[in-house]
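J.: Mind having a look at this structure? Questions to follow.
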Amino acid sequence: MATLTPVLTDTWDKDRSWRLATYERAGGYAGLKKALKTAPADLVQAVKDSGLRGRGGAGFPTGMKWGFLPQPDGGPRYLVVNADESEPGTCKDIPLMLASPQHLIEGVAITSYAIGCDHAFIYVRGEVLHVYRRLLNAVEEAYKAGYLGKNIQGSGFNLDVTVHAGAGAYICGEETALLDSLEGLRGQPRLKPPFPAVAGLYARPTVVNNVESIASVPAIIAKGADWFSSMGTEKSQGHGLFSLSGHVTTPGQYEAPLGITLRELLDLAGGVREGHELKFWTPGGSSTPIFTADHLDVPLDYESVGAAGSMLGTRALQIFDETVCVVRATSRWTDFYAHESCGKCTPCREGTYWLKQVLHRIEGGEGQDGDLELLLDLCDNILGKAFCALGDGAVSPITSSIKLFREEYQAHIDGHGCPFDPSKSALFPYTPKTRTTAALAGAGAGGHR
């Protein structure tokens, strides 16, 4: 299985890979040209037959999601691409949009044609200004080449694409919060039903898909559903981007068939950093239950990872060696979720706050007997009771780390402090820069107006 499948990454090593000309030389837009000569219903069926599942985390069948749209009623329907990637450790969509944005734009055009959409939106996280600018330039190139706009390729199909920059909120990765934000409202999850397929953007039928999901469509149409389903496993078909980060010799994006194992990926990436050994890792980002070295041979597909007690999620493989304090890592993740909770529901708003306080207490050497039971009780009051999946994701690293490393938590409580030296886990020496008194005085004199 340890064979890479460069499909989305096929042009990343080319000169100016983000340009339309580079993409066309590699066969780009062959899928759109074929799609425009195919009945929309047949395109939806082809994506269903391919077995493509959502690459944003949930793994819901993409073609089935398209099929949920009601019959046309003469009104508009929309495609919204969720490009609000922001979970700690998750880093596949941003490099994809930077290195080859035309994969996404072609996918947007094909998907829009298949579902009867004439205006699509790409919602990008506002902080990644460089990605936003690259997408704007790529969309402009596609318009000039006749792949977007009026009468695309002489087919009579019209499509406008709007690239929208959000204000930077993790909650807007939840599809209904994203839709509210896109409409100019505060980004908070909506009560469902109705689901976006029935009443989404501007209360119209809407498909919301992840960047990688949509970017995978052109190759499926160009090469066929059977080509795509020949990769991966029986129920988790196709290829995907696996993001290796942390204590790995060669971090980066590894595009491989679903079902590859971390052991195989580590072999491709040069293993854990020299002189150290694997302690724990995340199979799908920081919102998924953690794994240990005992899980090195778990096939990275939806079913196998689920059966082993976690979730494949966004395939964000964060690698931690034995120098890392699991309490410290979990506490940092919890800080993030507490900060990013939108506050709409009590279990998440109050629960993540108190999880953060208890973890800080344990890590700071002030832990008390009963704190672990308190943490688990708090997690139980959040899991399945929050308005959206943010609460569930926040408790996953806590419950799994206590299960796998309870003695390490207890050592913090009994020893009244953390037994780990944080500097040992650093990949390179780091000395924080300090601002001198003269520099501070100069800043004041400069007059920040």
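The values are calculated or read from the model by the stated rules, or taken from the named source; none is laboratory data. From a predicted model like this one, the values you see are computed outputs, not experimental measurements. With ideal geometry, Cβ positions are generated from the backbone for all residues, glycine too; neighbour counts draw on all protein chains shown. Accessible surface is based on the protein model in full, side chains and every heavy atom, while ligands, DNA and RNA are left aside. Shrake-Rupley method; radii C 1.70, N 1.55, O 1.52, S 1.80 Å.
J.: Which of the residues that make up the stretch 344-365 are open to solvent by less than 50 Å² (accessible area, probe 1.4 Å), within 29 Å of Ser213 (Cβ to Cβ) and outside any helix (DSSP H, G or I)?
T.: Within the stretch 344-365, just Cys345 meets the criteria.
J.: Of everything in the stretch 20-48, what is within 25 Å of the chain's Cα centre (by Cα) and open to solvent by 90 Å² or more (accessible area, probe 1.4 Å)? Give them in sequence order.
T.: Hit for the stretch 20-48 is Lys48, nothing else.
J.: Looking only at the stretch 380-401, count every residue that is part of a helix (DSSP H, G or I), without any contact (Cβ under 8 Å) to a residue 60 or more places away in the chain, over 14 Å from Trp333 (Cα atoms) and touching a Ser or Thr at 6+ places or on another chain (Cβ under 9 Å) and tell me the total.
T.: 2
J.: Looking only at the stretch 179-212, which residues are crowded, with 24+ Cβ neighbours inside 10 Å and farther than 20 Å from Gly166 by Cα?
T.: Scanning the stretch 179-212 gives a single hit, Pro205.
J.: Now for a separate question. Could you list, in sequence order, the residues of the stretch 302-324 that are crowded, with 24+ Cβ neighbours inside 10 Å and either in contact with a Lys or Arg (Cβ under 6 Å, 6 or more places away or on another chain) or not hydrophobic (A, V, I, L, M, F, W, C) (or both)?
T.: Gly313, Thr314, Arg315, Gln318, listed by residue number.
J.: Determine, yes or no, whether Gln153 is of a type in the set (S, T, N, Q), in contact with an Asp or Glu (Cβ under 7 Å, 6 or more places away or on another chain) and surrounded by fewer than 22 Cβ atoms within 10 Å (Cβ to Cβ).
T.: no
J.: How many residues are of a type in the set (A, V, I, L, M) and not in a helix (DSSP H, G or I) if we restrict to the stretch 402-428?
T.: Residues in the stretch 402-428 being of a type in the set (A, V, I, L, M) and not in a helix (DSSP H, G or I): 2 in total.
J.: Let me ask something else. Would a scan of the stretch 44-62 turn up a residue that is among the acidic types (Asp, Glu) and either part of a loop (DSSP other than H, G, I, E, B) or in contact (Cβ under 8 Å) with a residue 12 or more places away in the chain (or both)?
T.: yes
J.: Looking at (1) in a loop (DSSP other than H, G, I, E, B); (2) without any contact (Cβ under 8 Å) to a residue 24 or more places away in the chain; (3) surrounded by 16 or more Cβ atoms within 10 Å (Cβ to Cβ), which is the only condition Gly275 fails?
T.: Gly275 satisfies all of (1) in a loop (DSSP other than H, G, I, E, B); (2) without any contact (Cβ under 8 Å) to a residue 24 or more places away in the chain; (3) surrounded by 16 or more Cβ atoms within 10 Å (Cβ to Cβ) except (3).
J.: Quick check, is Ala411 under 15 Å from Pro347 (Cβ atoms) and either modelled with pLDDT of 95 or more or buried (at least 17 other Cβ atoms within 10 Å of the Cβ) (or both)?
T.: Taking the combined requirement at face value, the residue does not satisfy it.
J.: Could you look through the stretch 156-178, keep only residues that are among the hydroxyl-bearing types (Ser, Thr, Tyr) and part of a helix (DSSP H, G or I), and pick out the one that is most open to solvent (accessible area, probe 1.4 Å)?
T.: Tyr170
J.: Is there a residue being acidic (Asp, Glu), closer than 18 Å to Lys223 by Cα and not in a strand (DSSP E or B) anywhere in the stretch 70-86?
T.: Checked against the condition, which is being acidic (Asp, Glu), closer than 18 Å to Lys223 by Cα and not in a strand (DSSP E or B), the stretch 70-86 yields no hits at all.
J.: Can you tell me which condition Thr334 does not meet? The list is (1) open to solvent by less than 30 Å² (accessible area, probe 1.4 Å); (2) more than 22 Å from Val248 (Cβ to Cβ); (3) touching a residue at least 60 places away in the same chain (Cβ under 8 Å); (4) touching a Cys at 6+ places or on another chain (Cβ under 9 Å), and all the others hold.
T.: With (1) open to solvent by less than 30 Å² (accessible area, probe 1.4 Å); (2) more than 22 Å from Val248 (Cβ to Cβ); (3) touching a residue at least 60 places away in the same chain (Cβ under 8 Å); (4) touching a Cys at 6+ places or on another chain (Cβ under 9 Å) applied to Thr334, the lone miss is (4).
J.: List the residue pairs whose Cβ atoms are under 7 Å apart, where the first residue sits in the stretch 1-27 and is small (Gly, Ala, Ser), the second is open to solvent by 80 Å² or more (accessible area, probe 1.4 Å) and not in a loop (DSSP other than H, G, I, E, B), and the two are 6 or more positions apart or on different chains.
T.: Ala2/Asp267
J.: Only one of these conditions is not met by Ala426: (1) under 16 Å from Arg332 (Cα atoms); (2) modelled with pLDDT of 95 or more; (3) out of contact with any Leu (no Cβ under 7 Å at 6 or more places or on another chain); (4) open to solvent by 20 Å² or more (accessible area, probe 1.4 Å). Which number is it?
T.: The number of the failed condition is (2).
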